[in-house]
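A short worksheet on the structure shown next.
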Amino acid sequence: MKQLLIIFLLFFTANTSVIAEEDLDPFEDINRVVYEFNEVIDNNLFEPVSRAYKDHTPVFVQNRVSDFFGNLRDVSTLANQILQFKPEESLTTLGRIVVNSTVGLVGLFDIASEMELTTDNEDFGQTMAVWGVGAGPYAVLPLLGPSTFRDTVGLFVDLNSEANLIGQSEGIGFVSAEALNLIDKRVELLPVTDLLDQSDDPYITMRSSYLQKRQFDIFDGNPPAEEDDEF
């Protein structure tokens, strides 16, 4: 069933890429409703918890949590780099995983970065872009935030992949690994939250920022100059 759903979503995404070029956000009315829903949840739950974690958790502990989940994310990155036919980057990421999982005490310390073994996160949405799959229309997902039809498919694949070690990990006490990872990532986004709060239209600012960053990530920091700025 999962395979059939993925095939359907891939087909739908590929066939909506032309629509996306003509109208970047054809579902804006719906997206804005979902965006407002997400804002309510974030303002009353995720952001307060993240700020409390940042303010009251020792920096040393925060760094260990970030390094640990970063090491797990490297496994998913490695899988996508292989699918994108990036042999040099794949070897570097493999080296990171080996070093941080051993010398770095199961990823609690990012020793690899100190050895200049660095990598950029890769996901299946980026992989599909490399394969030539169109982005499709912009979409705001409940709780998950900004996306595109292609990235929604990519997220589904990443979450259900064997390379998603975060989803297979145990948490600490009553806090699940997914919850800890979410808090860790939300802390990283706190500066972005402050900028959005100062925007005249946070929805437009988030949409533009997301699409620009995705294009930046897909082209490894060198997007083609002729592309539209919102991509």
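The values are calculated or read from the model by the stated rules, or taken from the named source; none is laboratory data. Just so we're clear, the structure is a prediction, and the values are computed from it rather than from any experiment. Cβ coordinates were reconstructed from backbone atoms using ideal geometry, including for glycine residues, and neighbour counts include every protein chain displayed.
Brief remarks follow.
- Scoring K185 on the criteria (1) closer than 21 Å to G70 by Cβ; (2) crowded, with 16+ Cβ neighbours inside 10 Å; (3) among the charged types (D, E, K, R) leaves a single failure, condition (2).
- Among the residues making up region 69-94, those that are without any contact (Cβ under 8 Å) to a residue 40 or more places away in the chain and not in a loop (DSSP other than H, G, I, E, B) are N71, I82, P87, E88, E89, S90, L91, T92, T93, L94.
- Any hit, region 101-111, residues being free of Cβ contacts under 8 Å to residues at least 12 places away in the same chain and among the aliphatic types (A, V, I, L, M): yes
- Sole residue being closer than 26 Å to T205 by Cβ, modelled with pLDDT under 95 and in a helix (DSSP H, G or I), chosen from A20, A52: A20
- Subset tally (residues that are hydrophobic (A, V, I, L, M, F, W, C) and either without any contact (Cβ under 8 Å) to a residue 12 or more places away in the chain or surrounded by 20 or more Cβ atoms within 10 Å (Cβ to Cβ) (or both)) for region 46-68: 5
- Condition met for I166 (part of a loop (DSSP other than H, G, I, E, B) and either loosely packed, with under 15 Cβ neighbours inside 10 Å or touching a residue at least 12 places away in the same chain (Cβ under 8 Å) (or both)): yes
- Qualifying residue in region 122-132 (condition: of a type in the set (A, V, I, L, M, F, W, C), touching a Phe, Trp or Tyr at 6+ places or on another chain (Cβ under 7 Å) and in contact (Cβ under 8 Å) with a residue 40 or more places away in the chain): no
- Residue match in region 95-116 (condition: more than 15 Å from the chain's Cα centre (by Cα), under 21 Å from F60 (Cα atoms), in a loop (DSSP other than H, G, I, E, B) and hydroxyl-bearing (S, T, Y)): no
- Being surrounded by 13 or more Cβ atoms within 10 Å (Cβ to Cβ), more than 25 Å from N71 (Cα to Cα) and either of a type in the set (S, T, Y) or modelled with pLDDT under 90 (or both) holds for only one residue in S176, S147, S208, and it is S208.
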